[in-house]
1. Please specify each residue of segment 116-132 satisfying the condition of being surrounded by 13 or more Cβ atoms within 10 Å (Cβ to Cβ) and modelled with pLDDT of 75 or more.
2. Looking only at segment 47-58, count every residue that is touching a Leu at 6+ places or on another chain (Cβ under 7 Å) and under 22 Å from Asp72 (Cβ atoms) and tell me the total.
3. Can you name every residue in segment 1-44 that is within 34 Å of the chain's Cα centre (by Cα) and of a type in the set (Asp, Glu)?
4. Could you tell me which residue of segment 1-18 is farthest from Leu49 (Cα to Cα), considering only residues that are in a helix (DSSP H, G or I) and among the aliphatic types (A, V, I, L, M)?
5. Just for segment 1-36: of the residues that are among the hydroxyl-bearing types (Ser, Thr, Tyr) and in contact (Cβ under 8 Å) with a residue 24 or more places away in the chain, which one is farthest from Leu73 (Cα to Cα)?
6. From (1) assigned by TED's automatic domain parsing to the domain that holds Pro152; (2) at pLDDT 85 or above, pick out the condition that doesn't hold for Phe113.
Amino acid sequence: MLSENMKAIRKSKGLSQQELAVKLNVVRQTVSKWEQGLSVPDSEMLISLSEALETPVSTLLGETVMEAAADDLKAISEKLEVINLQLARKKARQRKALHGLLIILCVSAAITFAVLAVSESPYLGWDFSDPETAVMGTAVHAFEWLFVRLAPVVFVGALAGIFLTRKKD
């Protein structure tokens, strides 16, 4: 049983006989003899072996490991399925939030552009000799200047984003 369990656990951990031998500070042939049942490790080496394989000594000495490995794989696959489902839901929520944000950005740009077009630049009629009015007029003018140049790029980018983040049925 020890030989079969040791070999099965070593393989499930993805270790070669040489890699296990290096961890245990023995030669590969020693590990091979243990796995063939030609010899057995002493009690200290058995503890070192359980630490190297990250497996309790009772499992090494107990019943066959093959049956337990199938149950472990089933449990792991079920956990991975749950994790994948959670990640898919999170991704869908993020995509939906981004889609909504891009729609809000498009609507905001369109409304701001409409307000600026309807207002016909009221800052041009302001009295710039008054410092408060001059500062406000300059700020409004700078905003309009930047908005008119940047809004089309942002609008087109947001429309492309809305198209790319739409829900695909």
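The values are calculated or read from the model by the stated rules, or taken from the named source; none is laboratory data. Every value quoted in this text rests on a predicted model; they were computed, and no experiment measured them. Neighbour counts run over all protein chains shown; Cβ positions are idealised from the backbone, glycine included.
1. Leu116
2. First, pick out the residues of segment 47-58 that are touching a Leu at 6+ places or on another chain (Cβ under 7 Å): 48-50, 52, 57.
Right, trim to under 22 Å from Asp72 (Cβ atoms) and you get 49-50, 52, 57.
Qualifying residue count, segment 47-58: 4.
3. Glu19 - this is the single residue of segment 1-44 that is within 34 Å of the chain's Cα centre (by Cα) and of a type in the set (Asp, Glu).
4. Keep residues of segment 1-18 that are in a helix (DSSP H, G or I), which gives 2-12, 17-18.
Add one more test, that the residue is among the aliphatic types (A, V, I, L, M), and what stays is 2, 6, 8-9.
On the way: Leu2: 11, Met6: 9, Ala8: 13, Ile9: 11 Å.
Only one residue fits best here, namely Ala8.
5. Let us first name the residues in segment 1-36 that are among the hydroxyl-bearing types (Ser, Thr, Tyr), namely 3, 12, 16, 30, 32.
So of that shortlist, the ones also in contact (Cβ under 8 Å) with a residue 24 or more places away in the chain come out as 3, 12.
Values: Ser3: 22, Ser12: 11 Å.
Step by step, filter segment 1-36, then rank; the result is Ser3.
6. Exception for Phe113: condition (2).
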